[in-house]
Amino acid sequence: MALLTWRKEYELGLADVDHEHRELIDLINQIHQQLDAGARGDAALDLLGELYAQIASHFALEEQHMRTIDYKELDDHKADHERLLDRIRDLMDEYEDNATLDLHAFGVDLDAWFLVHFSTRDARFHRALH
Ligand SMILES: [Fe+2]
Ligand SMILES: [Fe+2]
């Protein structure tokens, strides 16, 4: 089963941004599928590292665009990105320390974060950009 399911509430109504977000969620689901198929040990850590990198690169691109337009909410927006990246680092630490991986709880947190972040901070930023 996919970790995340695209939902209407994720949509900003801006086709290119929604497309990027869909691609990000597809990538997360592809990585999750490999974890779910039984990847453990270093293979699992590599997959978690890839998950982190994919999400971080989406954020970095957004923040770069914010700097270009001197966006006044950059700090707050970036802090929210950091909160999600911290959550992923915690997941990786937990796996390294205890070899446990609660992907269900992670999926619930990811969904909750995307739901709020897309509809508030990303919506405001992309409207400012367009
Ligand atoms: Fe975004
Ligand atoms: Fe964002």
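Take the Kirkwood radius over Cα pairs of the chain, plug it into Stokes-Einstein at 20 °C and 1.002 mPa s, and you get 139 µm²/s for translational diffusion. Ranking 123, 99, 41 by Cα position along the charge dipole of the chain, where only Lys, Arg, Asp and Glu carry charges on their C-beta atoms, puts 123 farthest toward the positive end. Taking Cα atoms only, the orientation of helix 15-36 departs from the longest principal axis of the chain by about 10 degrees. What region 74-130 shows is 52 Å² of accessible area per residue, with the surface traced by a 1.4 Å probe over protein heavy atoms.
Between helix 41-68 and the chain there is an angle of about 10 degrees, using the helix long axis and the longest principal axis of the Cα atoms. Apolar share of the accessible surface for the chain: 51 percent from carbon plus sulfur atoms, 1.4 Å probe.
Based on the reciprocal of the average 1/r between different C-alpha atoms, the Kirkwood radius for region 74-130 equals 12.6 Å.
The values are calculated or read from the model by the stated rules, or taken from the named source; none is laboratory data. Because the structure is a prediction, the values reported are computed rather than measured. For neighbour counting, all protein chains shown are included, and Cβ atoms are generated from backbone atoms with ideal geometry for every residue, glycine included. Accessible surface is based on the protein model in full, side chains and every heavy atom, while ligands, DNA and RNA are left aside. Shrake-Rupley method; radii C 1.70, N 1.55, O 1.52, S 1.80 Å.
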